[in-house]
Each structure stands twice: as structure tokens, then as C-alpha cells.
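Structure first, then comments.
The values are calculated or read from the model by the stated rules, or taken from the named source; none is laboratory data. From a predicted model like this one, the values you see are computed outputs, not experimental measurements. Ideal geometry is used to build each Cβ from the backbone, glycine not excepted, and the neighbour counts take in all protein chains shown. Remember, those area values only see protein heavy atoms, side chains included, never the ligands or the DNA or RNA. Shrake-Rupley method; radii C 1.70, N 1.55, O 1.52, S 1.80 Å.
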Amino acid sequence: MTTILSTPAAWPRPLLGETPVGHAPGADPADLDAAVRAGAFAGLTRALQDLGATLTTATLAESGLRGRGGAGFPAAQKWRAVAGTPDGVRYAVANGYEADPAGGTNRHLMTARPFAIVEGLAIAALSVGAEEAVLAVRAEYADAVAALELAVAAAEEAGYVGEDVLGSGRPVRMTVRTVQGAYMLGEETVLLKALEGRRGQPEQRPPYPSERGLWGRPTLVHNVATLAAVPWIVVHGADAYRAIGDPDAPGTVLVQVSGAVATPGIAEVPTGTSLAEIVGLAGGVANGRPLKAVLVGGPSGGLLPANLATTPYTFGTLRAAGAHVGSGSVVVADDRTCIVDLARLLTRYCADEACGKTIPCRIGLRRMSEIGERIATGLARPTDAQLLADLGADIVGSALCDHERLATGPLATGMRYFRPEIDDHILRGLCPAGVCTPVEVVAVGTRHGG
Ligand SMILES: Cc1cc2nc3c(=O)[nH]c(=O)nc-3n(C[C@H](O)[C@H](O)[C@H](O)COP(=O)(O)O)c2cc1C
Ligand code: SF4
């Protein structure tokens, strides 16, 4: 059972719902009548009957909505790219994979607010001229799959999706597809290949999916949380959305706070909320222990120290600090955590999950993981910190997909913010947190080659 963390009453909740769009919290998520009474599908009606595709897309552009799948790309720009392709078959795909093992926001959204996603996807499909819409959901999320299947069936029965949307004569055929695989499956080109039943490795971009996506056709791919914001924007208007959160990336985000906090859970917060406030929503660090680091952005995220807890949660500020939004996971580490240990485990995970198609990623991440491993196990060489920095710099920028650029994050931020602790391991054979074992205690200069 997911805990939804309480947030100040004044904070708007376009995603989790506060009515009028969507259904009231606690209602049966598959109850279409209740959802419609609470405002669901008002956005679709307005987009189709009042605005039309051009104005709907213009509203989205003015709202400043950026994709919530991690990269923060302006949503309307993608819509225009897909809509601008030559006439023919186009697709709209909702990415409900949620690769991050510490993630859970997408699952909650799909399970609790399926109509908001169905409606957002229908508006998007109509706006870009896609007659086929696919909800691609992680197969392990049986609850989310069931909720979306019920929602699509009910919406089709009521004429909100299907062959003749709201009597307009325009079709949006919507299907729920389950996809199963490893971490990389959340990456959009891998997801599209999975939907085609092909082996999941990223494709070189460009061409982007907006030009050449599912079955080689122009495809709009959005994270489910991006789509769920669309009905709210269409109903309330661009200005209302822009008024929420950080002006550069307005709106709200779903965050999943876990690790050493008193009450792990999910919260919807305006962009620009500080990391400290987010941790505070989860009751702060458990047992009153000191905050040591916050892992922001999942396994390839950044380890930000306590003195950066004032960092606002936005795409730009997190990126500048060495972290990223990712799927919205915020993992709290207290003073008992060893940064070397945590960073090497995360790097190992990222190396294991890399698909192997690009050499700097396949070999570079593996080497970084091995170095992290030997630092943690007392076998470090004095040059290891420099080697990590060099490898990290070489890997970034030679990527086929964003995994390579992101996956150096834990060790890179470890080096940037926790260098004394890393040097303690490398040069003094000490693990200040007492986690790494065995760590050889040797005098400086007697270590391998030193
Ligand atoms: C390694 C990797 C994993 C990803 N996993 C996900 C994921 O689980 N869910 C998701 O929506 N986007 C994921 N993305 C981002 C997608 O490739 C894509 O940018 C996103 O679905 C586009 O949606 P948006 O415009 O709404 O952000 C991942 C990207 C990378 C590089
Ligand atoms: S960068 Fe890494 S994960 Fe991405 S395609 Fe290359 S090997 Fe695969």
C-alpha cells in the first residue's frame, strides 16, 4: 500500500487530483461515472470541441509543460514535430515502464488515476493526428495494467476513445500493452522496439521517434505523468499551470521519497520545492539522525550532500548539481551510509544494466564499477581517484543513449562532494562510516605502486 505524503493544502495537485479533473482521492479508480462527475474528460471535450489541435498544442506550449520521463524536453515541441510529419499513420505511446527500482510514482499514478492518463493520451493523439494510441506498462505492475485496462474499456464504452471520439468522426484506438525487460526498457527507443517484439537495445537518435518511431512511423512518446498533466492544463489554462512551481519548468512533479526517512511515500510537489522540504514531507531523516546525502534521480542519479539540501527540485538545478530528475525517486542516506559503498553499488547496477551496444559505456562503466569495488574492499591504488575522474570524463559524451551520460553520476558526485571520504578509503585505508570491509589499514606509500 503506497503512502501518499501530505502536502500543504495550498499546493495544487494536477496529477494526483483534487477535483475538478479526475476523481476524488479514495474513489474507485475505475469508476468512470464518478470520475466524470469530478471533471474527467472535460479536457478532452474542450480540446476536441472548442480548441482543436492547433490551439490545444499552443496551450500546452504556453503552459511550459516539460516531459516528466527524465529529460525535461518541452512537450509541445514534440507534439509539433509529430504533427508536422507527412500524412500517414502516426502513433502516440504512453511510457509506463518505470525502470528505476526505487521508483513507484508512475505505478501509483496509473493505478490511482488511470482516467487522467487515458484522457491525456487521447488529447495528445488527437492533437498530433495519431489514430493509434498505446499504453505501454511494465508487466510486473499488474495493478496498474488492470486499472488502465478497465479505464480504457469504460472510456471506449462511453465514446471518449475508440472509433468515433465524442461523435467527432475521429478515431483514437487505445490499447494497453505489457512490456517486460530490464532497466533499459524505459528508454524510449528500447520501449518502441519491445512493442514491436524486437530485441531491446537503444537506437541512434536522430531520427527521433517523433520522425521514425513505432513500426518506423512518427510516434509521440510521453511518460504517463506528462500525459496526466495535459487534461488539467486544457481545462484550467496555460496561465494557471505556469503559475505553479518554477517558471522554467512549471507544474508539479511526483516524487517517491525512500531510504532513511521516517515515512517513505509519494508526494506531488510544485517544481522548485527544495530537497529539504521534500525530505521533510516524509518526516525527515528517521530517528533524528543527521542527513548525509540524497540520491536524486535513481540508480544513475547524483549523491548530493546535506549542504545542498536547499537545491530546488527542477531539471536545471539538479543537472547543475550533478543529479537529475529521473523517475522522481529521492533516496535519503543518513550518517551511517558510506558514500564509496553506495556509489560503487549504484555504478555496478548501472554497468550491469547497460545494454553493451556502445564500447565506452560497456567497458568504461564496468571499469568504474571495478575501481569502486576495489576502493571499497581495501585494494585501491593511489591513482584511483584520478582514474575515476578520467574515465568518467571519457564516457560522458560518447554515448549512444543517455544512460552512459547519466550512469557516471553516483561516482562523479561522490568524488565532487565526498572526496575526503573517498581519500580516506584510498589513501588511509579507512571507512569512516564503518561499512566497507575489509579495508586494509596501511601507511600511505606502502600501497600498491604507491
Ligand atoms: C536508461 C533510461 C531509462 C529510462 N527509463 C524511463 C522510464 O522508465 N520511463 C519513462 O517515462 N522514461 C524513461 N526514460 C526516458 C525516455 O527515453 C523518454 O525520454 C521519455 O519516455 C519521454 O517522455 P517525456 O517527454 O514525457 O519525458 C529513460 C531514459 C533512459 C536513458
Ligand atoms: S550508452 Fe550504454 S546503455 Fe546506451 S546504448 Fe550504449 S551500451 Fe547501451
Exercise for the section: Please give the contour-minus-distance gain from Ala142 to Arg319: 0.36 nm per residue of separation, less the Cα-Cα distance, rounded to one decimal in nm. Expected result: 60.4 nm
Handout entry: C-alpha long axis of helix 114-128 to longest principal axis of the chain, angle in °
Key = 70
Exercise for the section: Using a 1.4 angstrom probe, figure out how much accessible area the stretch 126-193 has per residue, in square angstrom, rounded to the nearest whole. Expected result: 38
Handout entry: Förster radius 22 Å - calculated FRET efficiency between Ser274 and Asp335, Cβ distance, rounded to 0.05
Key = 0.60
Fill in the blank from the handout: Taking protein heavy atoms only, a 1.4 Å probe, and rounding to whole percent, the accessible area of the stretch 254-334 owed to carbon and sulfur comes out at 58
Problem - Using alpha-carbon coordinates, inclination of helix 224-236 to the longest axis of the chain, degrees - result: 50
Completion exercise
Note, the stretch 261-268: 3J(HN,Hα) by Karplus (6.51, -1.76, 1.60, θ = phi - 60°), whole Hz, Gly/Pro = x, goes 10, 5, 9, x, x, 10, 9, 9
Problem - Estimated inter-spin distance, Ala61 and Gln386, nm [label 7 Å along Cα→Cβ] - result: 5.2
Practice task
Place a label point 7 angstrom from the Cα of Thr2 along the Cα-to-Cβ direction, then list the residues of the stretch 109-127 whose backbone nitrogen is under 11 Å away.
Solution key: 109-114
Handout entry: Share, in percent, of DSSP beta bridges within the chain that are antiparallel, nearest 5
Key = 45
Problem - FRET efficiency for Arg242 and Leu379, using Cβ-Cβ distance with R0 set to 60 Å, rounded to 0.05 - result: 0.65
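Calculated FRET efficiency, Arg198 and Arg416, Cβ-Cβ r, R0 45 Å, to nearest 0.05?
After rounding, the FRET efficiency stands at 0.70.
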Practice task
Kindly write out, for the stretch 212-217 in residue order, the coupling ³J(HN,Hα) from the Karplus curve 6.51 cos²θ - 1.76 cosθ + 1.60 (θ = phi - 60°), rounded to whole Hz, with x marking Gly and Pro.
Solution key: 9, x, 4, 6, x, 9
Problem - the stretch 32-242: relative contact order as a whole-number percent, Cα under 8 Å and 6+ apart - result: 32
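Compute the Cα gyration tensor for the stretch 32-242, then decide on rounded, prolate or oblate, letting a ≥ b ≥ c be the square roots of its eigenvalues: rounded whenever a/c is under 1.5, prolate when a/b is larger than b/c in the other cases, and oblate in all that remain. Kindly include the intermediate steps, with their values, before the conclusion.
Numbers: a/c = 1.42, a/b = 1.19, b/c = 1.19.
It is rounded, given that a/c, with a ≥ b ≥ c, falls under 1.5.
Taking 8 Å as the Cα distance limit and 6 or more residues as the minimum spacing, I'd like the relative contact order of the stretch 349-428 as a percentage.
Numbers: 73 pairs, mean separation 26.5, N = 80.
About 33 percent, as a whole number.
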Problem - Added length on full extension, which subtracts the Cα-Cα distance from 0.36 nm per residue, Val89 to Asp423 - result: 114.5 nm
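Can you give the extra length, in nm with one decimal, that the chain gains between Ala9 and Glu131 once fully stretched, where that is 0.36 nm per residue apart less the Cα-Cα distance? The partial results should precede the final answer.
On the way: separation 122, 0.36 × 122 = 43.92 nm, distance 3.92 nm.
Residue separation times 0.36 nm, minus the Cα-Cα distance, leaves 40.0 nm.
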